[in-house]
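Accompanying notes for the structure given below.
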Amino acid sequence: MSKPLIIFDCDGVLVDSEPLAAIAYERVYNKHGLALTRDVVGQCIGMKQADIIIRIEELTGHAFPAHAEGDIWLETRALLEEELEPTRGILPFLRNLETARCVASSSSMERIALSLDVAGIAEFFADNVFSTSMVKNGKPAPDIFLFAAEKLGGEPSASVVIEDSPFGVQGAVAAGMTAIGFTGGSHTFDGHAEKLQAAGAHATCASWSEVETELTRRGFIRETVADL
């Protein structure tokens, strides 16, 4: 029987970064004379930057200048370095977790590494960190999840993905994995859980204590992880 594997998304799951990213996009687009609101950026959660730029153009008609794409990362990095926090309860959860785990994110490796370091949780993942830059297709394609499982010797049927975006949930389901929708970040909105369920989430959890209960029930962890 395959050993269980827990695959964590990074932004909005491990770290409370989605509001900061939305601010960064809003600032940079406005700087270049393109009106953009955080609500529009919120519709792109779970995508990699290249796909976000395309999606924003589809939603607003604003074509972002290719020569300025680096500005988005510079603004995002500054905000992450100054204000990023781990999601509430994740530290004790990871500290007591024995199940094999990894990160599979749409962010660049540079951003993932920075986020994990600033949040103080890099030690819990070591080199088991994967970006959609390593695969052909980003979320909602299953590529990144299948890639991560292969690297860690896991089977899709024995893997669970914790995601905060419909795109991520869709990718996990397409990979043949259990998908847990996480709504414990500060970017959570009315109807968030319902959107994750509509995308195929097998369960939704609003805190890490709820995640613990759900993973225990499904056999991915053996006992209570911590008081979260």
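Quick note: the coordinates plus some simple rules give every number you see, no bench work behind them. Everything numeric here is computed off the predicted structure, so don't read it as measured data. Neighbour counts are summed over all protein chains in view; Cβ atoms, including those assigned to glycine, are modelled from backbone coordinates with ideal geometry.
Determine the equivalent ellipsoid of the range 116-228 by diagonalising the alpha-carbon gyration tensor, then write out the semi-axes as square roots of 5 times the eigenvalues, largest first, rounded to whole Å. It would help to have the intermediate numbers written out before the result.
On the way: eigenvalues 83, 67, 48 Å².
One finds semi-axes of 20, 18, 15 Å for the range 116-228.
Inter-label distance, residue 77 to residue 127: 2.4 nm, where each label sits 7 Å from its Cα along the C-beta direction. The spread of Cα positions in the chain, taken along each principal axis and listed from longest to shortest, comes to 55, 34, 32 Å.
With both partners inside the chain, how many of the DSSP beta bridges are antiparallel, as a percent to the nearest 5? Could you put the intermediate results ahead of the total?
Working: 1 of 20 bridges.
About 5 percent, rounded to the nearest 5.
Between residue 205 and 181, 182, 183, the built amide H atoms are under 5 Å apart, and every one of these is 5 or more places off in sequence or on another chain.
From the largest down, the range 18-83 spans 32, 23, 19 angstrom on the principal axes of its Cα atoms.
Considering only 137, 112, 91, and ranking their Cα positions along the charge dipole of the range 83-143 that arises from unit charges at the beta-carbon of Lys, Arg, Asp and Glu, the one farthest toward the positive end is 137.
Would you mind ranking 192, 62 by Cβ crowding within 10 Å, fewest neighbours first?
On the way: 192 20, 62 16.
Listed from fewest to most nearby Cβ atoms, that is 62, 192.
Taking amide H positions as modeled 1.01 Å from N, with prolines and chain starts lacking one, the residues under 5 Å from residue 104 and 5 or more places away or on another chain are 8, 9, 10, 130. In percent, rounded to a whole number, the relative contact order of the range 90-227 is 21, using alpha-carbon pairs under 8 Å and six or more apart.
Angle check, please: helix 69-83 long axis (alpha carbons) against the longest principal axis of the chain (alpha carbons), in degrees 0 to 90, nearest 10. Taking the Cα atoms of the chain, the angle to 69-83 is about 60 degrees. For the chain, the longest principal axis of the C-alpha atoms and the axis of helix 208-217 are separated by about 40°.
FRET efficiency for the pair residue 3 and residue 67, taken as 1/(1 + (r/R0)^6) with r the Cβ-Cβ distance and R0 = 35 Å, rounds to 0.15.
Phi angles of the range 118-131 translate, via the Karplus equation with coefficients 6.51, -1.76, 1.60 and θ = phi - 60°, into HN-Hα couplings of 4, 7, x, 10, 4, 4, 7, 10, 6, 8, 8, 10, 10, 10 Hz per residue; Gly and Pro are given as x. Packing, taken as the mean count of other beta carbons within 10 Å per residue, orders the peptides 198-208, 13-23 from highest to lowest as 13-23, 198-208. Placing +1 on the Cβ of every Lys and Arg and -1 on the Cβ of every Asp and Glu, with no other charges, gives the range 134-200 a dipole of roughly 160 debye about its Cα centre.
Distance between the pseudo-spin-label points of residue 27 and residue 137 (7 Å out from Cα toward the beta carbon): 3.5 nm.
Residue separation times 0.36 nm, minus the C-alpha to C-alpha distance between residue 110 and residue 194: what's the value? Walk me through the intermediate numbers first.
Numbers: separation 84, 0.36 × 84 = 30.24 nm, distance 3.19 nm.
Gain on stretching residue 110 to residue 194: 27.0 nm.
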